Amino acid sequence: MIARVLTATVYGIDGIKIDVEVDIAYGLPAFNIVGLPETSVKESKERVRSAIKNAGFEFPGDRITINLAPADVRKEGSSFDLPIAVGILAAMGALKNESLKDHLIAGELSLDGQVKTVRGILPVALLTRQEGIGTIIVPGGNGKEASIVRDVRVLGAGHLLEIFHYFKGEGELALFEEDDREGPRPPGSDDVDFSDIRDQTQAKRALEVAAGGGHNIIMVGSPGSGKTMLSRCLPTILPVLGYAEAVETTKIHSIAGLLGPHRALIMKRPFRAPHHSISDAGLIGGGHVPRPGEVSLAHNGVLFLDEFPEFRRHVLDALRQPLEDGDVTIARVNNAITFPARFMLVAAMNPCPCGYFGDPKRACICTGAQIYRYRSRISGPLLDRIDIHIEVPPVKIGDLAADRYEEPSAAIRQRVAGARTIQCERFKQKGIHANAQMPARLIRKYCSLETEAQAMLEAAVEKWALSPRAYHRILKVARTIADLDGVEGITEAHVAEAIRYRALDKRLMM
């Protein structure tokens, strides 16, 4: 007898429908899985065998063949356990094939028949809606995650027997409603806030501009000047994630297995801070079965790279594609997988190896050659792709002890949200939503300068030998500063401020 169960596998960040076909025929006892299964799928044979036996069923002693169709798609992961087990029960005659229609099933089995959580349920649930399948059965721990998807009936199971009784019409599975989704974090729930940072007015303003237009930023300052804390405060002034952005962000974390049980929609913008010893595969993504890297996990959020020059040169240069295109393509012999990677890069570095070049209180012990070698670890093309370069001076002890008002993140977020609203309206139906994403054609259209402002920018380009890419970066930043001021025209003052944010290009730090 042949049974058919619907399930799915994840390719990149999307789900692909898989038909699990089960055939039990007379012959010598055998259990074979075909259809390009990876090792984790092949090992499901022993889990399924034990789960069926320990659930109280007699495992068939005939020739069992499992076909995972289409056969040219590589199958990976443990989520095939549950559909294979249900398919075997149906092929044995314990369940009717008709009862399995309009159900997609995914989940891992333990040896005693318990249903365990798996990675990548959200893309599978989205595929269920896309294919018009009415119901998805998932592990109970993945129920909240799957309930993010609207117009799909989500059922959660804790044991193989629960699913058996459900299809027999003798029991019910836990129903997860849309109301089970997590809501936005309440205001003031962040662990850090801009009001906690004393002084650093220029750095705060630069971060506001960066957030206002989605610009990348690099901060240069001596140890203890507050670069890390400033970076961690940046997500608190970014606009709240919209539903579409939140779903896309959650999909990536689901595939990476970072959601955890009973987690639902991610409503807080990601903040990723990998160590400088990370490999290029860890940062960009990769592996035998490609997995998203840190740049994709930071999608719609912030990627913070502390001790920027300490990262390996080839790792940093691998950032060029995601910074320019907003995605990462990982090529393999038979296929190529693209992961989204549109993030704000925040880099921090010391001005020299010892960290005290230019410090008013501590003398630098580095030679000119050492400082040059240290800074040359960051390539010019990569610096060109960072819109804002600023110096973060050390804070005086008196300023730390002073009890004075510092503007909270909520107030800055309002201005940033206002600027982003202007940009969303400006770029409506253009496929972008922030000034930092403008291509050259839109820069010419939306970044026209007044005569005095154009003359100032041309003089700066000539004086500091700025590249055409740096020229465009200055225009984008000036456009954002004008949006924060709520004006249409870019004035000389806006351009002057944008030019100040190119410290490394002007060699002001040397």
TODO: Say whether the condition of being open to solvent by less than 60 Å² (accessible area, probe 1.4 Å), of a type in the set (Gly, Ala, Ser), in a loop (DSSP other than H, G, I, E, B) and closer than 21 Å to Val220 by Cα is met by at least one residue in the range 496-506.
DONE: yes
TODO: Kindly indicate which of Pro292, Pro270 is open to solvent by less than 20 Å² (accessible area, probe 1.4 Å), farther than 21 Å from Leu234 by Cβ, in contact (Cβ under 8 Å) with a residue 12 or more places away in the chain and under 11 Å from the mean Cα position of the chain (by Cα).
DONE: Pro292
TODO: With respect to Ser44, determine if the residue is open to solvent by less than 70 Å² (accessible area, probe 1.4 Å) and either free of Cβ contacts under 8 Å to residues at least 12 places away in the same chain or in contact with a strand residue (DSSP E or B) (Cβ under 8 Å, 6 or more places away or on another chain) (or both).
DONE: yes
TODO: Kindly provide the set of residues from the range 187-227 that are outside any loop (DSSP other than H, G, I, E, B), without any contact (Cβ under 8 Å) to a residue 12 or more places away in the chain and either touching an Asp or Glu at 6+ places or on another chain (Cβ under 6 Å) or polar (S, T, N, Q) (or both), ordered by number.
DONE: Thr201
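I'd like to check something: does the range 345-354 contain any residue that is at pLDDT below 90 and out of contact with any helix residue (DSSP H, G or I) (no Cβ under 8 Å at 6 or more places or on another chain)?
Here is the first cut: in the range 345-354, the residues at pLDDT below 90 are none.
No, there is no match, as no residue in the range 345-354 is at pLDDT below 90 and out of contact with any helix residue (DSSP H, G or I) (no Cβ under 8 Å at 6 or more places or on another chain).
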Open item on the list: Given the options Leu230, Leu175, name the one that is assigned to a helix (DSSP H, G or I), at pLDDT 90 or above and hydrophobic (A, V, I, L, M, F, W, C).
Closed with: Leu230
Task: Qualifying residues in the range 348-397 (those that are of a type in the set (A, V, I, L, M, F, W, C) and open to solvent by 40 Å² or more (accessible area, probe 1.4 Å)) - the one nearest to Met438 (Cα to Cα) - done: Phe357
- [ ] Filter the range 80-113 down to the residues that are in contact (Cβ under 8 Å) with a residue 60 or more places away in the chain, in contact with a Pro (Cβ under 9 Å, 6 or more places away or on another chain) and not in a helix (DSSP H, G or I), then identify the one that is surrounded by the fewest Cβ atoms within 10 Å (Cβ to Cβ).
- [x] Met92
Open item on the list: Give me the residue from the range 350-374 that is part of a helix (DSSP H, G or I) and among the aromatic types (Phe, Trp, Tyr) and, out of that set, nearest to Arg313 (Cα to Cα).
Closed with: Tyr374
- [ ] Write out, first by first residue and then by second, each pair whose Cβ atoms fall under 8 Å of each other, whose residues are 6+ apart or on separate chains, and whose first residue, in the range 10-31, is under 17 Å from Ile330 (Cα atoms) while the second is polar (S, T, N, Q) and at pLDDT 95 or above.
- [x] none
- [ ] From (1) closer than 30 Å to Glu248 by Cα; (2) open to solvent by 70 Å² or more (accessible area, probe 1.4 Å); (3) without any contact (Cβ under 8 Å) to a residue 40 or more places away in the chain; (4) not in a helix (DSSP H, G or I), pick out the condition that doesn't hold for Glu58.
- [x] (1)
Open item on the list: For the range 282-318, give me the residue count where each residue is at pLDDT 90 or above, under 16 Å from Lys251 (Cα atoms) and assigned to a strand (DSSP E or B).
Closed with: 2
- [ ] May I ask you to list pairs of residues, at least six apart or on different chains, whose Cβ atoms are under 9 Å apart, with the first in the range 440-460 being within 13 Å of Gly489 (Cα to Cα) and among the charged types (D, E, K, R) and the second being in a helix (DSSP H, G or I) and open to solvent by 40 Å² or more (accessible area, probe 1.4 Å)?
- [x] Glu450/Glu492; Glu452/Glu492
- [ ] For residues that are surrounded by fewer than 21 Cβ atoms within 10 Å (Cβ to Cβ) and part of a loop (DSSP other than H, G, I, E, B), scanning just the range 319-347, find the one that is nearest to the chain's Cα centre (by Cα).
- [x] Gly326
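The values are calculated or read from the model by the stated rules, or taken from the named source; none is laboratory data. No experiment lies behind these values; they were computed from the predicted model shown. In this analysis, Cβ positions are derived from the backbone assuming ideal geometry, glycine residues included, and neighbour counts consider all displayed protein chains. Accessible surface areas use protein heavy atoms only, side chains included; no ligands, DNA or RNA. Shrake-Rupley method; radii C 1.70, N 1.55, O 1.52, S 1.80 Å.
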